[in-house]
Amino acid sequence: IALYDAIAQCIHGNHESPCKYFFHVFKTELLRGILITLVWAALGVVLYLGYAFLHQWGQTMPVARTYSMVYLGTLLIPVAIFCWLIPLESRFSYGFFGLHKEAATFVIVHLPTTGIMLGVTAVAAVITIVMPALIILLPGLVVTLHSYVAEKVFKQYIDEDVQAEEQNEEEQNDHAE
């Protein structure tokens, strides 16, 4: 969350001190980030065990091989939701379940952007498997690329919020007169 926010604010916003901003966000989002990480780590282990079981079963039964491939395809859904979680948590305020619901909505509503984010994440995963030393650089690169596509999507929501606030202020001023 802190990495995304620091990159997004320094590249797309007006902050000039990424390290200082990163540690500020890191302190404020630490507990929430730990909760999200623990929940998603547990979910990841369960989903991986399901795939490992189907893959192992597929070694003995050809029909199970098909199931394991379908299961692997459906794993794109939680990965896509996770791709939206961090940017959404960084830029907006949601409760824990509201954040997940909104991330799932963004996966569907912004499908082309989700595809780009999934592609970037998949390429980074493959590069990490082939050259593990690059794991030091890839999170920053992935988050930077995600920020370019996500911030473009967020801009329309932020502009809508600003317009709604301005309209509310105008209506309040009209009633006050």
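Read the figures in this text as sums done on the coordinates, not as results from a lab. Nothing here was measured: the structure is a model prediction, and the numbers come from that model. In this analysis, Cβ positions are derived from the backbone assuming ideal geometry, glycine residues included, and neighbour counts consider all displayed protein chains.
Counting only alpha carbon atoms, the long axis of helix 96-109 and the longest principal axis of the chain meet at about 80°.
Take every pair of alpha-carbon atoms less than 8 Å apart whose residues are at least six positions apart; their mean separation over the length of the chain yields a relative contact order of 22 percent. With helices as the sole contributors, the chain gives -30000 deg cm²/dmol at 222 nm; each DSSP H run of n ≥ 4 counts as -39500 (n - 2.57), and the sum is divided by every residue. Built from the Cα atoms of the chain, the convex hull projects on average onto 13.4 nm², one quarter of its surface area. Translational diffusion coefficient of the stretch 1-97 (Stokes-Einstein, Kirkwood radius from Cα pairs, 20 °C, 1.002 mPa s): 137 µm²/s. Think of the chain as a dipole: +1 on every Lys or Arg Cβ, -1 on every Asp or Glu Cβ, centred on the Cα centre; then among Leu43, Leu72, Met117, Leu72 lies furthest on the positive end.
For the stretch 8-47, taking Cα atoms only, Rg and Dmax work out to 14.1, 41 Å respectively. Summing charges over neighbours of Ala2, with a neighbour being any other residue whose Cβ is under 15 Å away from its Cβ, gives +1 when K and R count +1 and D and E count -1.
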